[in-house]
Amino acid sequence: MNVTLDQLKAFERIVRLGTFHAAALDLHLTQPSVSTRIKELESALNVQLFVRNGPRISMTAEGHALIDYADRMLGTAGEIIQRFRTRDPLKGVLRLGMNESFAMISVLDLIRRLEHHYPAIRTSLVVGDTGTVSQMLNEQKLDIAIVSDAKVEAHVTQQALGKNYFGWFAHSGFAMRREVFTPADLCALHLFISPPTARLHATATNWFAGAHVTPERISTCNSLWVTVQAVLQGLGVGLLPIRVMQLDLEASRVKRLPVKPEIEPHNVSICYQTSEFGPGLKTLVDLIRELIENHRLFSSDMA
């Protein structure tokens, strides 16, 4: 015999209200029906939950142990009902994807704002490249995501946020022997770029291919943060978002190499499951747009 939510609900009501009679009234059931549910629950668990002394009852040790489990299971069931009846991803667990630029600049502020507006919200955060995040959106494993040059299917709505601009960055001690660097000039350097699943990998390889040259030494890294650290420690030259490097550039910890041609910017979009769009998701979209504007993260013009 399996434990059911109806049995747990009857148990929880008896504990909270103090009697089988009060629980029956609250659940709009007869008292014998409530008693039957408790007997079935005790049989399924092979324990005694209450000690009965006429109309008065008290919980056994097993009853005291069960109430916490019952509260959690009933709470989860309530969340499931609310989440799927309203189709609002902000009711329950919000599955949020993002590119690393947003993660490094804006995500903590977003979490703080969500905590303020939705104190009970839980989040499942995925930080990934274009290929990874687009695939998860297409497979409906994410509710909403901030993604560069998204490759999404028809069931995902896509709204433009702006452009993410990039540059080649080196350690502050890098010798600037040229006023402008071409792809051929960078070919002999140790270069750090994103892996093939990332849109930035194609941007880098196309930049060199356009000049008909091939870099001699490329290292790939799927973490923007690690690439930034490699550049800061003088381990190589990295292709990185200009906004992410802004503070290091202002503090003279890095140098931005002037290059020709300029690096192609990426179009950044906010993407979400069309079937889930409603007041809650609209509020989230507006909040993300506000944060991006406040942080000057993505823009339509060169920063």
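The values are calculated or read from the model by the stated rules, or taken from the named source; none is laboratory data. Predicted model only: the values in this text are computed from it and were never measured. Here the Cβ positions follow ideal geometry from the backbone for every residue, glycine too, while neighbour counts run over all protein chains shown.
Worth a mention:
- Among the residues of region 213-233, those that are part of a loop (DSSP other than H, G, I, E, B) and surrounded by 14 or more Cβ atoms within 10 Å (Cβ to Cβ) comprise Val213, Pro215, Cys221, Asn222.
- Residues of region 189-239 that turn out to be modelled with pLDDT of 95 or more, of a type in the set (Val, Ile, Thr) and more than 23 Å from Glu262 (Cβ to Cβ), as a count: 1
- Residues (surrounded by 14 or more Cβ atoms within 10 Å (Cβ to Cβ) and either on the phi > 0 side of the Ramachandran plot or in contact with a helix residue (DSSP H, G or I) (Cβ under 8 Å, 6 or more places away or on another chain) (or both)) located in region 171-185: His171, Pro183
- Where strands (runs of 3 or more DSSP E) fall wholly inside region 132-180, the ranges with 2 or more residues that are under 18 Å from Met98 (Cα atoms) are 144-148, 156-164.
- All strands (runs of 3 or more DSSP E) inside region 36-129 with 3 or more residues being under 30 Å from Thr19 (Cα atoms): 50-53, 56-59
- Flag for Leu27 being crowded, with 17+ Cβ neighbours inside 10 Å and not small (Gly, Ala, Ser): yes
- Taken residue by residue, region 191-211 has no member that is touching a residue at least 60 places away in the same chain (Cβ under 8 Å), in a loop (DSSP other than H, G, I, E, B), closer than 25 Å to Phe277 by Cβ and among the hydrophobic types (A, V, I, L, M, F, W, C).
- Positions within region 181-190 being in a strand (DSSP E or B), of a type in the set (A, V, I, L, M, F, W, C) and within 36 Å of the chain's Cα centre (by Cα), in sequence order: none
- Residues of region 21-50 that turn out to be farther than 12 Å from Lys9 by Cα and charged (D, E, K, R), as a count: 3
- Restricting attention to region 270-286 and to residues that are out of contact with any His (no Cβ under 9 Å at 6 or more places or on another chain) and in a strand (DSSP E or B), the residue that is surrounded by the fewest Cβ atoms within 10 Å (Cβ to Cβ) turns out to be Ile270.
- Qualifying residue in region 251-260 (condition: part of a loop (DSSP other than H, G, I, E, B), surrounded by fewer than 14 Cβ atoms within 10 Å (Cβ to Cβ) and charged (D, E, K, R)): yes
- Residue list for region 187-206, filter: of a type outside the set (Gly, Ala, Ser) and surrounded by fewer than 21 Cβ atoms within 10 Å (Cβ to Cβ): Cys187, Leu189, His190, Leu191, Pro195, Pro196, Thr197, His201, Thr203, Thr205, Asn206
- Residues satisfying the stated conditions in region 91-137, i.e. within 18 Å of Asn294 (Cβ to Cβ) and either out of contact with any Leu (no Cβ under 9 Å at 6 or more places or on another chain) or β-branched (Val, Ile, Thr) (or both): Ile105, Val107, Leu108, Ile111, Arg112, Glu115, His116
- Residue within region 75-82 that is among the hydrophobic types (A, V, I, L, M, F, W, C), assigned by TED's automatic domain parsing to the domain that holds Lys151 and touching a residue at least 40 places away in the same chain (Cβ under 8 Å) present: no
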